[in-house]
Amino acid sequence: MVDHTPPPLSGSSKVLRLAGIAAVLAALVGAFAYVNGRLDPARLTPGRIVNTFEKNNGLHPGFRRNHAKGVCVAGYFESSDAARAYSTAQVFREGSVPVEGRFALPSGNPYAPDSSVPIRSLGLRFTQANGQQWRTGMNSMPVFPVGTPEAFFQQLKAASPDPSTGKPNPAAMAAFFASHPETMPFLQWVKTAKPSASYATESYNGLNAFYLVDAAGQRQAVRWGLVPLSQDAAGATAPDGADFLAKDLAQRLAAGPLKWQLRLTLANPGDPTDDASRQWTGEHKVLNAGTLVLESTQPQDDGDCRDINYDPLILPSGIEASADPLLAARSAAYASSYLRRTSEVGSLPAAHSSQESRP
Amino acid sequence: MSAPSNHFAPLARLLHWLMALMILAMLFIGAGMAASVSERHEWLLHLHKPLGIAILLLVVVRLVVRFSTDQPPLPKDLPGWQVLAAKLSHVLLYALMLVLPLLGWAMISAAGDPVMLSSSLQLPAILPANPTTFAFLRKAHGYLAYLLFLTVLVHLAAALFHGWIRRDGVLESMVRGKD
(Lines give C-alpha, C1' and ligand atoms only; values in the text may rest on other atoms or scores of the structure.)
Protein backbone atom coordinates (compact mmCIF):
# COMPACT_ATOMS: atom_id res chain seq x y z
CA MET A 1 0.00 0.00 0.00
CA VAL A 2 1.31 3.46 -0.73
CA ASP A 3 1.02 5.82 2.20
CA HIS A 4 0.59 8.96 0.17
CA THR A 5 -2.52 9.62 -1.85
CA PRO A 6 -1.66 9.79 -5.55
CA PRO A 7 -2.41 13.08 -7.30
CA PRO A 8 -5.97 13.02 -8.69
CA LEU A 9 -6.38 12.08 -12.37
CA SER A 10 -7.64 14.67 -14.78
CA GLY A 11 -10.94 13.85 -16.47
CA SER A 12 -9.38 13.01 -19.81
CA SER A 13 -6.60 10.95 -18.24
CA LYS A 14 -9.19 8.89 -16.34
CA VAL A 15 -11.21 8.27 -19.50
CA LEU A 16 -8.05 7.23 -21.33
CA ARG A 17 -7.10 4.79 -18.59
CA LEU A 18 -10.58 3.31 -18.43
CA ALA A 19 -10.44 2.92 -22.21
CA GLY A 20 -7.11 1.13 -21.75
CA ILE A 21 -8.73 -1.37 -19.37
CA ALA A 22 -11.62 -1.87 -21.79
CA ALA A 23 -9.14 -2.44 -24.64
CA VAL A 24 -7.28 -5.15 -22.68
CA LEU A 25 -10.56 -6.96 -21.91
CA ALA A 26 -11.83 -6.60 -25.47
CA ALA A 27 -8.59 -8.05 -26.83
CA LEU A 28 -8.92 -11.11 -24.59
CA VAL A 29 -12.60 -11.65 -25.38
CA GLY A 30 -11.89 -11.20 -29.09
CA ALA A 31 -9.01 -13.67 -29.05
CA PHE A 32 -11.16 -16.17 -27.16
CA ALA A 33 -14.03 -15.83 -29.62
CA TYR A 34 -11.60 -16.23 -32.53
CA VAL A 35 -10.01 -19.37 -31.08
CA ASN A 36 -13.47 -20.77 -30.32
CA GLY A 37 -14.53 -20.32 -33.96
CA ARG A 38 -17.26 -17.80 -33.14
CA LEU A 39 -16.01 -15.17 -35.58
CA ASP A 40 -16.00 -17.57 -38.51
CA PRO A 41 -19.36 -19.23 -39.25
CA ALA A 42 -17.75 -21.22 -42.07
CA ARG A 43 -15.09 -22.89 -39.91
CA LEU A 44 -15.38 -26.66 -39.87
CA THR A 45 -16.12 -27.57 -36.25
CA PRO A 46 -17.22 -30.86 -34.66
CA GLY A 47 -20.62 -29.32 -33.96
CA ARG A 48 -21.16 -28.30 -37.58
CA ILE A 49 -20.33 -31.79 -38.84
CA VAL A 50 -22.76 -33.38 -36.39
CA ASN A 51 -25.42 -30.75 -37.18
CA THR A 52 -25.21 -31.80 -40.83
CA PHE A 53 -25.70 -35.47 -39.88
CA GLU A 54 -28.80 -34.41 -37.95
CA LYS A 55 -30.04 -32.38 -40.88
CA ASN A 56 -29.53 -35.27 -43.31
CA ASN A 57 -31.00 -38.03 -41.18
CA GLY A 58 -33.45 -36.27 -38.88
CA LEU A 59 -32.96 -36.00 -35.14
CA HIS A 60 -33.11 -39.34 -33.31
CA PRO A 61 -32.53 -38.59 -29.61
CA GLY A 62 -30.22 -40.99 -27.79
CA PHE A 63 -28.83 -42.57 -30.97
CA ARG A 64 -25.41 -42.09 -32.50
CA ARG A 65 -25.51 -39.31 -35.09
CA ASN A 66 -23.83 -41.62 -37.59
CA HIS A 67 -23.82 -45.43 -37.73
CA ALA A 68 -27.04 -45.12 -35.74
CA LYS A 69 -28.40 -48.62 -36.31
CA GLY A 70 -26.46 -51.45 -34.78
CA VAL A 71 -26.10 -54.18 -32.18
CA CYS A 72 -23.71 -54.81 -29.31
CA VAL A 73 -21.38 -57.80 -29.29
CA ALA A 74 -18.89 -59.10 -26.76
CA GLY A 75 -16.04 -61.59 -26.70
CA TYR A 76 -12.28 -61.55 -26.59
CA PHE A 77 -9.16 -61.17 -28.68
CA GLU A 78 -6.56 -63.89 -28.60
CA SER A 79 -3.12 -62.64 -29.59
CA SER A 80 -0.93 -64.74 -31.85
CA ASP A 81 2.23 -63.00 -30.66
CA ALA A 82 3.10 -62.12 -34.29
CA ALA A 83 2.80 -58.36 -33.79
CA ARG A 84 4.72 -58.34 -30.54
CA ALA A 85 8.05 -57.57 -32.19
CA TYR A 86 6.50 -54.46 -33.78
CA SER A 87 4.48 -53.03 -30.90
CA THR A 88 4.76 -52.85 -27.14
CA ALA A 89 0.95 -52.76 -26.79
CA GLN A 90 -0.18 -55.32 -24.23
CA VAL A 91 -2.97 -56.46 -26.56
CA PHE A 92 -0.36 -58.05 -28.87
CA ARG A 93 1.34 -60.09 -26.15
CA GLU A 94 0.45 -63.69 -25.62
CA GLY A 95 -2.94 -64.21 -24.05
CA SER A 96 -6.34 -62.65 -24.51
CA VAL A 97 -8.10 -59.41 -23.67
CA PRO A 98 -11.87 -58.77 -23.36
CA VAL A 99 -13.59 -56.99 -26.27
CA GLU A 100 -16.81 -54.98 -26.38
CA GLY A 101 -17.93 -54.32 -29.93
CA ARG A 102 -20.71 -53.00 -32.07
CA PHE A 103 -21.85 -53.93 -35.58
CA ALA A 104 -23.63 -51.13 -37.40
CA LEU A 105 -24.84 -49.63 -40.65
CA PRO A 106 -23.17 -46.45 -41.91
CA SER A 107 -26.10 -44.06 -41.77
CA GLY A 108 -27.48 -41.66 -39.20
CA ASN A 109 -30.93 -43.23 -39.46
CA PRO A 110 -31.50 -45.84 -36.72
CA TYR A 111 -34.41 -47.33 -38.71
CA ALA A 112 -32.63 -47.69 -42.08
CA PRO A 113 -33.37 -51.06 -43.74
CA ASP A 114 -30.38 -53.41 -43.57
CA SER A 115 -30.32 -53.69 -47.36
CA SER A 116 -30.23 -49.91 -47.89
CA VAL A 117 -26.41 -49.79 -47.98
CA PRO A 118 -23.75 -52.29 -49.04
CA ILE A 119 -21.50 -51.26 -46.16
CA ARG A 120 -21.37 -52.70 -42.63
CA SER A 121 -19.16 -51.44 -39.84
CA LEU A 122 -17.61 -52.80 -36.68
CA GLY A 123 -16.42 -50.82 -33.68
CA LEU A 124 -14.20 -52.56 -31.14
CA ARG A 125 -12.88 -51.78 -27.70
CA PHE A 126 -10.02 -53.95 -26.43
CA THR A 127 -9.40 -53.52 -22.70
CA GLN A 128 -5.86 -54.39 -21.66
CA ALA A 129 -5.00 -55.73 -18.21
CA ASN A 130 -3.07 -52.51 -17.48
CA GLY A 131 -6.25 -50.45 -17.99
CA GLN A 132 -5.24 -48.94 -21.32
CA GLN A 133 -7.67 -49.39 -24.18
CA TRP A 134 -7.56 -49.76 -27.92
CA ARG A 135 -10.64 -48.57 -29.75
CA THR A 136 -11.15 -48.80 -33.46
CA GLY A 137 -13.99 -48.27 -35.90
CA MET A 138 -13.81 -50.30 -39.10
CA ASN A 139 -15.85 -50.53 -42.28
CA SER A 140 -16.44 -53.26 -44.84
CA MET A 141 -15.30 -51.14 -47.79
CA PRO A 142 -11.64 -51.36 -48.84
CA VAL A 143 -11.05 -47.61 -49.11
CA PHE A 144 -12.59 -44.40 -47.76
CA PRO A 145 -14.27 -42.12 -50.34
CA VAL A 146 -12.31 -39.02 -49.35
CA GLY A 147 -9.06 -38.15 -47.63
CA THR A 148 -9.79 -34.96 -45.72
CA PRO A 149 -12.41 -33.71 -43.24
CA GLU A 150 -13.18 -30.81 -45.60
CA ALA A 151 -14.02 -33.16 -48.49
CA PHE A 152 -16.01 -35.36 -46.11
CA PHE A 153 -18.06 -32.34 -45.04
CA GLN A 154 -18.67 -31.41 -48.69
CA GLN A 155 -19.90 -34.94 -49.34
CA LEU A 156 -22.15 -34.75 -46.30
CA LYS A 157 -23.60 -31.46 -47.50
CA ALA A 158 -24.17 -32.91 -50.99
CA ALA A 159 -26.37 -35.54 -49.32
CA SER A 160 -28.44 -32.94 -47.46
CA PRO A 161 -32.15 -32.74 -48.30
CA ASP A 162 -32.98 -30.10 -50.89
CA PRO A 163 -35.27 -27.54 -49.17
CA SER A 164 -37.68 -27.55 -52.13
CA THR A 165 -38.18 -31.33 -52.36
CA GLY A 166 -37.21 -32.51 -48.88
CA LYS A 167 -35.00 -35.13 -50.55
CA PRO A 168 -31.31 -35.21 -51.41
CA ASN A 169 -30.61 -33.84 -54.86
CA PRO A 170 -28.84 -36.56 -56.92
CA ALA A 171 -27.24 -33.85 -59.05
CA ALA A 172 -25.52 -32.42 -55.97
CA MET A 173 -23.93 -35.79 -55.17
CA ALA A 174 -22.93 -36.31 -58.80
CA ALA A 175 -21.35 -32.87 -58.81
CA PHE A 176 -19.49 -33.68 -55.61
CA PHE A 177 -18.04 -36.90 -57.03
CA ALA A 178 -17.14 -35.16 -60.29
CA SER A 179 -15.15 -32.52 -58.44
CA HIS A 180 -13.46 -35.09 -56.14
CA PRO A 181 -11.48 -37.55 -58.28
CA GLU A 182 -10.07 -39.15 -55.11
CA THR A 183 -13.47 -40.84 -54.69
CA MET A 184 -12.85 -43.03 -57.80
CA PRO A 185 -11.52 -46.14 -56.01
CA PHE A 186 -14.48 -46.07 -53.64
CA LEU A 187 -16.97 -45.57 -56.49
CA GLN A 188 -15.36 -48.48 -58.37
CA TRP A 189 -15.89 -50.72 -55.35
CA VAL A 190 -19.42 -49.56 -54.60
CA LYS A 191 -20.52 -50.35 -58.19
CA THR A 192 -20.30 -54.08 -57.54
CA ALA A 193 -20.83 -54.13 -53.77
CA LYS A 194 -24.03 -55.78 -52.52
CA PRO A 195 -25.59 -55.61 -49.06
CA SER A 196 -24.45 -58.77 -47.30
CA ALA A 197 -26.90 -61.08 -45.53
CA SER A 198 -24.76 -61.27 -42.41
CA TYR A 199 -22.37 -59.24 -40.30
CA ALA A 200 -20.45 -62.46 -39.72
CA THR A 201 -19.22 -62.96 -43.28
CA GLU A 202 -17.83 -59.47 -43.81
CA SER A 203 -14.28 -58.21 -43.72
CA TYR A 204 -13.78 -54.97 -41.80
CA ASN A 205 -11.02 -52.49 -42.62
CA GLY A 206 -9.54 -49.81 -40.41
CA LEU A 207 -8.80 -47.69 -43.53
CA ASN A 208 -6.77 -45.07 -41.63
CA ALA A 209 -3.08 -45.76 -41.07
CA PHE A 210 -1.49 -46.02 -37.63
CA TYR A 211 1.98 -46.67 -36.29
CA LEU A 212 3.07 -49.70 -34.32
CA VAL A 213 5.82 -48.67 -31.92
CA ASP A 214 8.31 -51.25 -30.65
CA ALA A 215 10.38 -51.27 -27.45
CA ALA A 216 13.18 -49.34 -29.18
CA GLY A 217 10.73 -46.64 -30.26
CA GLN A 218 10.86 -47.78 -33.91
CA ARG A 219 7.63 -46.86 -35.75
CA GLN A 220 6.08 -49.07 -38.43
CA ALA A 221 3.08 -47.71 -40.35
CA VAL A 222 0.21 -50.19 -40.67
CA ARG A 223 -3.39 -50.50 -41.70
CA TRP A 224 -5.45 -53.13 -39.96
CA GLY A 225 -8.46 -55.19 -40.83
CA LEU A 226 -10.49 -58.22 -39.82
CA VAL A 227 -11.03 -61.19 -42.12
CA PRO A 228 -13.88 -63.57 -41.24
CA LEU A 229 -13.12 -67.18 -40.52
CA SER A 230 -16.74 -68.12 -41.17
CA GLN A 231 -17.64 -68.01 -44.84
CA ASP A 232 -21.02 -68.50 -46.40
CA ALA A 233 -21.60 -70.29 -49.66
CA ALA A 234 -20.94 -67.88 -52.50
CA GLY A 235 -23.96 -65.93 -53.64
CA ALA A 236 -25.65 -65.64 -50.25
CA THR A 237 -27.88 -62.64 -50.78
CA ALA A 238 -29.70 -60.44 -48.34
CA PRO A 239 -33.15 -61.74 -47.38
CA ASP A 240 -36.26 -59.61 -47.40
CA GLY A 241 -37.19 -57.48 -44.45
CA ALA A 242 -35.51 -54.51 -42.85
CA ASP A 243 -33.84 -56.03 -39.79
CA PHE A 244 -32.30 -59.33 -40.80
CA LEU A 245 -28.72 -58.58 -39.69
CA ALA A 246 -29.32 -58.57 -35.93
CA LYS A 247 -31.47 -61.71 -36.21
CA ASP A 248 -28.85 -63.50 -38.29
CA LEU A 249 -26.15 -62.55 -35.81
CA ALA A 250 -28.11 -63.85 -32.81
CA GLN A 251 -28.82 -67.13 -34.63
CA ARG A 252 -25.19 -67.68 -35.52
CA LEU A 253 -23.97 -66.82 -32.03
CA ALA A 254 -26.50 -69.25 -30.52
CA ALA A 255 -24.75 -71.95 -32.53
CA GLY A 256 -21.25 -70.92 -31.45
CA PRO A 257 -18.72 -68.08 -31.37
CA LEU A 258 -17.81 -66.13 -34.51
CA LYS A 259 -14.17 -65.53 -35.41
CA TRP A 260 -12.10 -63.09 -37.41
CA GLN A 261 -8.39 -62.89 -38.02
CA LEU A 262 -6.84 -59.52 -37.18
CA ARG A 263 -4.45 -58.64 -39.98
CA LEU A 264 -1.90 -55.85 -39.83
CA THR A 265 -0.69 -54.76 -43.24
CA LEU A 266 2.79 -53.21 -42.96
CA ALA A 267 3.31 -50.14 -45.14
CA ASN A 268 5.94 -50.28 -47.88
CA PRO A 269 8.13 -47.23 -48.33
CA GLY A 270 6.09 -44.68 -50.28
CA ASP A 271 2.67 -45.95 -49.19
CA PRO A 272 0.40 -43.03 -48.24
CA THR A 273 -0.12 -42.99 -44.47
CA ASP A 274 -2.12 -39.77 -44.37
CA ASP A 275 -4.79 -40.45 -47.00
CA ALA A 276 -7.49 -43.08 -46.43
CA SER A 277 -8.85 -42.54 -49.95
CA ARG A 278 -5.75 -44.19 -51.44
CA GLN A 279 -5.26 -47.94 -51.30
CA TRP A 280 -1.95 -49.63 -50.68
CA THR A 281 -1.28 -51.64 -53.82
CA GLY A 282 1.13 -54.44 -54.62
CA GLU A 283 2.87 -56.96 -52.36
CA HIS A 284 2.75 -56.25 -48.64
CA LYS A 285 3.91 -58.05 -45.56
CA VAL A 286 0.81 -58.92 -43.51
CA LEU A 287 0.94 -59.98 -39.88
CA ASN A 288 -1.75 -62.23 -38.45
CA ALA A 289 -1.95 -60.56 -35.06
CA GLY A 290 -4.51 -62.93 -33.57
CA THR A 291 -8.15 -63.94 -33.51
CA LEU A 292 -11.19 -61.92 -32.56
CA VAL A 293 -13.78 -64.23 -31.00
CA LEU A 294 -17.28 -62.84 -30.54
CA GLU A 295 -19.52 -64.84 -28.23
CA SER A 296 -22.65 -62.85 -27.43
CA THR A 297 -24.89 -60.06 -28.64
CA GLN A 298 -27.19 -57.53 -26.96
CA PRO A 299 -29.59 -54.91 -28.32
CA GLN A 300 -27.88 -51.54 -28.54
CA ASP A 301 -30.54 -49.56 -26.69
CA ASP A 302 -29.44 -51.00 -23.35
CA GLY A 303 -26.40 -53.11 -24.25
CA ASP A 304 -22.85 -52.57 -23.07
CA CYS A 305 -21.71 -50.92 -26.32
CA ARG A 306 -24.28 -48.14 -26.04
CA ASP A 307 -22.12 -45.93 -23.85
CA ILE A 308 -18.86 -46.58 -25.68
CA ASN A 309 -17.53 -43.94 -28.03
CA TYR A 310 -15.49 -45.88 -30.62
CA ASP A 311 -13.05 -43.00 -30.89
CA PRO A 312 -10.21 -44.18 -33.15
CA LEU A 313 -7.69 -42.12 -31.20
CA ILE A 314 -8.11 -43.99 -27.93
CA LEU A 315 -4.97 -46.06 -28.31
CA PRO A 316 -2.75 -48.03 -25.95
CA SER A 317 0.92 -47.33 -25.53
CA GLY A 318 2.58 -49.08 -28.50
CA ILE A 319 0.06 -47.89 -31.12
CA GLU A 320 0.13 -44.30 -32.36
CA ALA A 321 -1.98 -42.24 -34.72
CA SER A 322 -0.68 -41.39 -38.18
CA ALA A 323 -0.93 -37.91 -39.69
CA ASP A 324 -4.18 -38.93 -41.46
CA PRO A 325 -6.38 -35.83 -40.93
CA LEU A 326 -9.54 -37.95 -40.83
CA LEU A 327 -8.47 -39.42 -37.49
CA ALA A 328 -8.58 -36.15 -35.55
CA ALA A 329 -11.82 -35.19 -37.31
CA ARG A 330 -13.45 -38.51 -36.43
CA SER A 331 -12.32 -38.20 -32.83
CA ALA A 332 -13.63 -34.63 -32.54
CA ALA A 333 -16.96 -35.33 -34.25
CA TYR A 334 -17.54 -38.56 -32.29
CA ALA A 335 -17.02 -36.59 -29.06
CA SER A 336 -19.70 -34.11 -30.12
CA SER A 337 -22.13 -36.88 -31.06
CA TYR A 338 -21.32 -38.69 -27.79
CA LEU A 339 -22.18 -35.67 -25.66
CA ARG A 340 -25.45 -35.14 -27.50
CA ARG A 341 -26.60 -38.73 -27.23
CA THR A 342 -25.49 -39.32 -23.64
CA SER A 343 -27.60 -36.26 -22.75
CA GLU A 344 -30.60 -38.06 -24.28
CA VAL A 345 -30.22 -41.59 -22.93
CA GLY A 346 -33.65 -41.38 -21.32
CA SER A 347 -35.25 -40.92 -24.75
CA LEU A 348 -34.13 -44.32 -26.06
CA PRO A 349 -36.96 -46.84 -26.51
CA ALA A 350 -35.54 -49.37 -24.02
CA ALA A 351 -34.09 -46.91 -21.54
CA HIS A 352 -37.13 -46.57 -19.32
CA SER A 353 -37.27 -50.21 -18.33
CA SER A 354 -33.59 -50.94 -17.92
CA GLN A 355 -31.78 -47.79 -16.92
CA GLU A 356 -32.08 -48.39 -13.20
CA SER A 357 -30.18 -51.63 -13.36
CA ARG A 358 -27.20 -50.04 -15.09
CA PRO A 359 -24.10 -49.38 -13.02
CA MET B 1 7.79 -6.54 15.39
CA SER B 2 7.46 -5.67 11.76
CA ALA B 3 4.39 -4.03 10.26
CA PRO B 4 2.28 -6.33 8.01
CA SER B 5 3.83 -6.42 4.55
CA ASN B 6 2.24 -4.49 1.72
CA HIS B 7 3.19 -7.30 -0.63
CA PHE B 8 2.37 -10.94 -1.17
CA ALA B 9 5.03 -13.47 -0.18
CA PRO B 10 7.48 -14.27 -3.03
CA LEU B 11 6.19 -17.87 -3.30
CA ALA B 12 2.59 -16.60 -3.44
CA ARG B 13 3.54 -14.19 -6.24
CA LEU B 14 5.41 -16.89 -8.16
CA LEU B 15 2.42 -19.25 -7.91
CA HIS B 16 0.00 -16.48 -8.90
CA TRP B 17 1.81 -15.52 -12.10
CA LEU B 18 2.68 -19.09 -13.06
CA MET B 19 -0.91 -20.20 -12.64
CA ALA B 20 -2.23 -17.05 -14.34
CA LEU B 21 -0.30 -18.09 -17.45
CA MET B 22 -1.34 -21.73 -17.17
CA ILE B 23 -5.02 -20.95 -16.63
CA LEU B 24 -5.19 -18.44 -19.45
CA ALA B 25 -3.44 -20.95 -21.73
CA MET B 26 -5.83 -23.65 -20.54
CA LEU B 27 -8.92 -21.55 -21.30
CA PHE B 28 -7.68 -20.87 -24.82
CA ILE B 29 -6.64 -24.49 -25.36
CA GLY B 30 -10.10 -25.63 -24.30
CA ALA B 31 -11.89 -23.08 -26.48
CA GLY B 32 -9.69 -23.99 -29.45
CA MET B 33 -9.96 -27.75 -29.21
CA ALA B 34 -13.74 -27.72 -28.78
CA ALA B 35 -14.00 -25.87 -32.10
CA SER B 36 -11.45 -27.83 -34.11
CA VAL B 37 -11.53 -30.97 -36.25
CA SER B 38 -7.92 -30.71 -37.42
CA GLU B 39 -4.77 -32.26 -35.94
CA ARG B 40 -4.89 -29.25 -33.64
CA HIS B 41 -7.75 -30.95 -31.79
CA GLU B 42 -5.48 -33.86 -30.82
CA TRP B 43 -2.50 -31.70 -30.13
CA LEU B 44 -4.50 -29.40 -27.81
CA LEU B 45 -6.23 -32.32 -26.08
CA HIS B 46 -2.84 -33.83 -25.28
CA LEU B 47 -1.80 -30.53 -23.68
CA HIS B 48 -5.11 -29.97 -21.92
CA LYS B 49 -5.10 -33.09 -19.74
CA PRO B 50 -1.61 -32.92 -18.15
CA LEU B 51 -1.87 -29.14 -17.82
CA GLY B 52 -5.19 -29.54 -16.00
CA ILE B 53 -3.70 -32.02 -13.54
CA ALA B 54 -0.69 -29.70 -13.04
CA ILE B 55 -3.10 -26.86 -12.18
CA LEU B 56 -4.94 -29.15 -9.75
CA LEU B 57 -1.68 -29.97 -7.94
CA LEU B 58 -0.52 -26.34 -7.94
CA VAL B 59 -3.80 -25.00 -6.56
CA VAL B 60 -3.45 -27.32 -3.58
CA VAL B 61 0.06 -25.97 -2.95
CA ARG B 62 -1.30 -22.48 -3.47
CA LEU B 63 -4.07 -22.89 -0.91
CA VAL B 64 -1.50 -24.06 1.64
CA VAL B 65 0.65 -21.01 0.85
CA ARG B 66 -2.42 -18.77 1.00
CA PHE B 67 -3.29 -19.84 4.53
CA SER B 68 0.27 -19.95 5.83
CA THR B 69 1.49 -16.53 4.67
CA ASP B 70 0.33 -12.99 5.47
CA GLN B 71 -1.96 -11.29 2.99
CA PRO B 72 -1.47 -7.56 2.45
CA PRO B 73 -4.54 -5.69 3.71
CA LEU B 74 -6.88 -3.99 1.24
CA PRO B 75 -6.84 -0.16 1.27
CA LYS B 76 -8.85 1.21 4.19
CA ASP B 77 -10.82 3.57 1.96
CA LEU B 78 -12.01 0.82 -0.40
CA PRO B 79 -15.85 0.88 -0.58
CA GLY B 80 -17.54 -1.99 1.24
CA TRP B 81 -19.06 -3.51 -1.89
CA GLN B 82 -15.65 -3.64 -3.56
CA VAL B 83 -14.16 -5.36 -0.51
CA LEU B 84 -16.96 -7.92 -0.66
CA ALA B 85 -16.55 -8.35 -4.43
CA ALA B 86 -12.81 -8.87 -3.98
CA LYS B 87 -13.35 -11.54 -1.30
CA LEU B 88 -16.10 -13.38 -3.22
CA SER B 89 -14.27 -13.31 -6.55
CA HIS B 90 -11.18 -14.80 -4.94
CA VAL B 91 -13.21 -17.58 -3.35
CA LEU B 92 -14.77 -18.21 -6.78
CA LEU B 93 -11.37 -18.25 -8.51
CA TYR B 94 -9.95 -20.77 -6.05
CA ALA B 95 -13.10 -22.91 -6.24
CA LEU B 96 -13.02 -23.01 -10.04
CA MET B 97 -9.29 -23.74 -10.18
CA LEU B 98 -9.96 -26.74 -7.97
CA VAL B 99 -13.25 -27.90 -9.49
CA LEU B 100 -12.51 -27.65 -13.23
CA PRO B 101 -9.65 -30.17 -13.32
CA LEU B 102 -11.65 -32.51 -11.06
CA LEU B 103 -14.66 -32.20 -13.40
CA GLY B 104 -12.43 -32.99 -16.39
CA TRP B 105 -11.01 -36.05 -14.64
CA ALA B 106 -14.47 -37.15 -13.49
CA MET B 107 -16.09 -36.73 -16.90
CA ILE B 108 -13.42 -38.83 -18.66
CA SER B 109 -13.96 -41.45 -15.96
CA ALA B 110 -17.75 -41.34 -16.42
CA ALA B 111 -17.31 -41.80 -20.19
CA GLY B 112 -15.49 -45.06 -19.46
CA ASP B 113 -12.41 -43.71 -21.22
CA PRO B 114 -8.96 -44.42 -19.80
CA VAL B 115 -7.62 -41.26 -18.13
CA MET B 116 -4.34 -40.89 -20.02
CA LEU B 117 -1.97 -37.99 -19.31
CA SER B 118 0.48 -39.24 -21.93
CA SER B 119 0.74 -42.33 -24.12
CA SER B 120 1.54 -44.43 -21.04
CA LEU B 121 0.82 -42.36 -17.91
CA GLN B 122 -2.64 -43.31 -16.68
CA LEU B 123 -4.68 -42.01 -13.75
CA PRO B 124 -7.36 -44.14 -12.10
CA ALA B 125 -11.02 -43.47 -12.82
CA ILE B 126 -12.65 -41.46 -10.04
CA LEU B 127 -16.23 -42.34 -11.06
CA PRO B 128 -17.90 -45.42 -12.53
CA ALA B 129 -18.94 -45.21 -16.20
CA ASN B 130 -22.40 -43.69 -16.59
CA PRO B 131 -23.71 -41.79 -19.62
CA THR B 132 -26.06 -39.44 -17.76
CA THR B 133 -23.33 -38.53 -15.28
CA PHE B 134 -20.90 -37.98 -18.16
CA ALA B 135 -23.26 -35.64 -20.00
CA PHE B 136 -23.89 -33.61 -16.83
CA LEU B 137 -20.18 -33.34 -15.96
CA ARG B 138 -19.13 -32.53 -19.53
CA LYS B 139 -21.61 -29.67 -19.70
CA ALA B 140 -20.65 -28.43 -16.24
CA HIS B 141 -16.99 -28.47 -17.35
CA GLY B 142 -17.84 -26.25 -20.31
CA TYR B 143 -20.13 -23.81 -18.50
CA LEU B 144 -17.83 -23.44 -15.49
CA ALA B 145 -14.89 -22.82 -17.84
CA TYR B 146 -16.84 -19.88 -19.27
CA LEU B 147 -17.52 -18.71 -15.70
CA LEU B 148 -13.79 -18.96 -14.94
CA PHE B 149 -12.96 -16.93 -18.03
CA LEU B 150 -15.49 -14.30 -16.95
CA THR B 151 -14.11 -14.25 -13.39
CA VAL B 152 -10.56 -13.93 -14.71
CA LEU B 153 -11.68 -10.95 -16.83
CA VAL B 154 -13.32 -9.26 -13.83
CA HIS B 155 -10.22 -9.99 -11.72
CA LEU B 156 -7.98 -8.47 -14.40
CA ALA B 157 -10.24 -5.44 -14.82
CA ALA B 158 -10.25 -4.86 -11.06
CA ALA B 159 -6.45 -5.24 -10.86
CA LEU B 160 -5.99 -2.68 -13.63
CA PHE B 161 -8.55 -0.39 -11.97
CA HIS B 162 -6.48 -0.50 -8.79
CA GLY B 163 -3.24 0.01 -10.71
CA TRP B 164 -4.26 2.66 -13.23
CA ILE B 165 -7.20 4.51 -11.69
CA ARG B 166 -7.07 4.18 -7.90
CA ARG B 167 -3.25 3.77 -7.82
CA ASP B 168 -3.62 2.38 -4.29
CA GLY B 169 -0.83 -0.22 -4.30
CA VAL B 170 -3.10 -3.27 -4.65
CA LEU B 171 -1.72 -4.20 -8.10
CA GLU B 172 1.85 -3.55 -6.88
CA SER B 173 1.31 -5.93 -3.96
CA MET B 174 1.23 -8.80 -6.49
CA VAL B 175 3.65 -7.34 -9.03
CA ARG B 176 6.55 -6.30 -6.83
CA GLY B 177 8.17 -7.40 -3.57
CA LYS B 178 9.15 -3.93 -2.37
CA ASP B 179 7.56 -0.47 -2.31
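What to note about this one:
- Scanning the range A:205-221 for residues that are touching a Pro at 6+ places or on another chain (Cβ under 7 Å) and assigned to a loop (DSSP other than H, G, I, E, B) yields a total of 1.
- Taking the numbered list (1) surrounded by fewer than 17 Cβ atoms within 10 Å (Cβ to Cβ); (2) part of a helix (DSSP H, G or I); (3) within 14 Å of chain A (Cβ to nearest Cβ) in turn, B:VAL64 passes all entries but (3).
- Taking the range A:339-353 as the range and being farther than 27 Å from A:PHE210 by Cβ and either facing another protein chain (nearest Cβ under 7 Å) or in a loop (DSSP other than H, G, I, E, B) (or both) as the test, the residues that pass are A:SER343, A:GLU344, A:VAL345, A:LEU348, A:PRO349, A:ALA350.
- In the range B:7-46, of all residues being in contact with a Lys or Arg (Cβ under 9 Å, 6 or more places away or on another chain) and not in a helix (DSSP H, G or I), the one that is farthest from B:LEU117 (Cα to Cα) corresponds to B:HIS7.
- In summary, B:LEU137 fulfils each of the numbered conditions (1) at pLDDT 95 or above; (2) in a loop (DSSP other than H, G, I, E, B) with the single exception of condition (2).
- A single member of A:SER296, A:SER337, A:SER322 is polar (S, T, N, Q), surrounded by 20 or more Cβ atoms within 10 Å (Cβ to Cβ) and touching a helix residue (DSSP H, G or I) at 6+ places or on another chain (Cβ under 7 Å), and it is A:SER337.
- Only residues that are basic (Lys, Arg) and surrounded by 18 or more Cβ atoms within 10 Å (Cβ to Cβ) were counted in the range A:260-282, giving 1.
- For the range B:120-139, taking the residues that are of a type in the set (Ser, Thr, Tyr) and facing chain A (nearest Cβ under 7 Å), the one that is surrounded by the fewest Cβ atoms within 10 Å (Cβ to Cβ) is identified as B:SER120.
- The residues listed here are A:ASP248, A:ASP240, A:ASP275; of these, the one that is of a type in the set (Asp, Glu), more than 18 Å from A:TYR199 (Cβ to Cβ) and out of contact with any Lys or Arg (no Cβ under 9 Å at 6 or more places or on another chain) is A:ASP275.
- Within the range A:146-204, the only residue that satisfies the criterion of being in contact with a His (Cβ under 8 Å, 6 or more places away or on another chain) and not in a helix (DSSP H, G or I) is A:VAL146.
- At least 1 residues being among the hydrophobic types (A, V, I, L, M, F, W, C), closer than 23 Å to A:PHE210 by Cβ and within 14 Å of chain B (Cβ to nearest Cβ) is the threshold, and among the strands (runs of 3 or more DSSP E) wholly inside the range A:222-338 those reaching it are A:319-321.
The values are calculated or read from the model by the stated rules, or taken from the named source; none is laboratory data. Not measured: the values here are computed from a predicted model. Ideal geometry is used to build each Cβ from the backbone, glycine not excepted, and the neighbour counts take in all protein chains shown.
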